[in-house]
1. How many residues does segment 55-91 hold that are charged (D, E, K, R), loosely packed, with under 11 Cβ neighbours inside 10 Å and under 20 Å from the mean Cα position of the chain (by Cα)?
2. How many residues are of a type in the set (A, V, I, L, M, F, W, C) and touching a residue at least 60 places away in the same chain (Cβ under 8 Å) if we restrict to segment 1-56?
3. Taking the condition of a type in the set (A, V, I, L, M, F, W, C), open to solvent by 80 Å² or more (accessible area, probe 1.4 Å) and within 28 Å of Arg109 (Cβ to Cβ), does Val50 pass?
4. I'd like the residue in segment 6-44 that is among the small types (Gly, Ala, Ser) and part of a loop (DSSP other than H, G, I, E, B) and, out of all such residues, is nearest to Glu68 (Cα to Cα).
5. Among (1) of a type outside the set (A, V, I, L, M, F, W, C); (2) under 18 Å from the mean Cα position of the chain (by Cα); (3) under 13 Å from Gln82 (Cα atoms), there is one condition Thr6 misses while meeting the rest; what is its number?
Amino acid sequence: MTKNDTLAQVAEVLEARKSAAPDSSYVAKLYHKGLDQILKKVGEEATEVVMAAKDASVDGKTDKVIYEVADLWFHTLVLLAQQGLHPNDVLKELERRFGTSGIVEKASRKES
């Protein structure tokens, strides 16, 4: 299975959970609680990534960084699905940016 297959499979499950009863799964419960709860989880997970990376810079143990990034990615995928988006939308945007300087790409997003 390729990485893109994994993203597609997760997206498929997340989409199916939209119509599930809130007490049937964690994701169904998140959807039921709404956008604010999903955003809260994304923020919490981002903070946990930061803390894990800081810890890893001291103790050299990166396993927690991987674990926390997986949580962040998962909750971001929930957000994408809630917004009617698919991981492929993000992959297409990354592909569009490939080969473009980050400085140039960022400057192209600035509003005049």
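1. Residues that pass the stated criteria total 1.
2. Final tally of qualifying residues: 5.
3. Numbers: of a type in the set (A, V, I, L, M, F, W, C): yes; open to solvent by 80 Å² or more (accessible area, probe 1.4 Å): yes; within 28 Å of Arg109 (Cβ to Cβ): yes.
So Val50 passes the test.
4. Ser25
5. Here Thr6 clears every test but (3).
The values are calculated or read from the model by the stated rules, or taken from the named source; none is laboratory data. Keep in mind that what you see is a predicted model, and the values were worked out from it rather than measured. So basically every Cβ, Gly included, is an ideal-geometry build from the backbone, and we count neighbours across all protein chains shown. Accessible surface areas use protein heavy atoms only, side chains included; no ligands, DNA or RNA. Shrake-Rupley method; radii C 1.70, N 1.55, O 1.52, S 1.80 Å.
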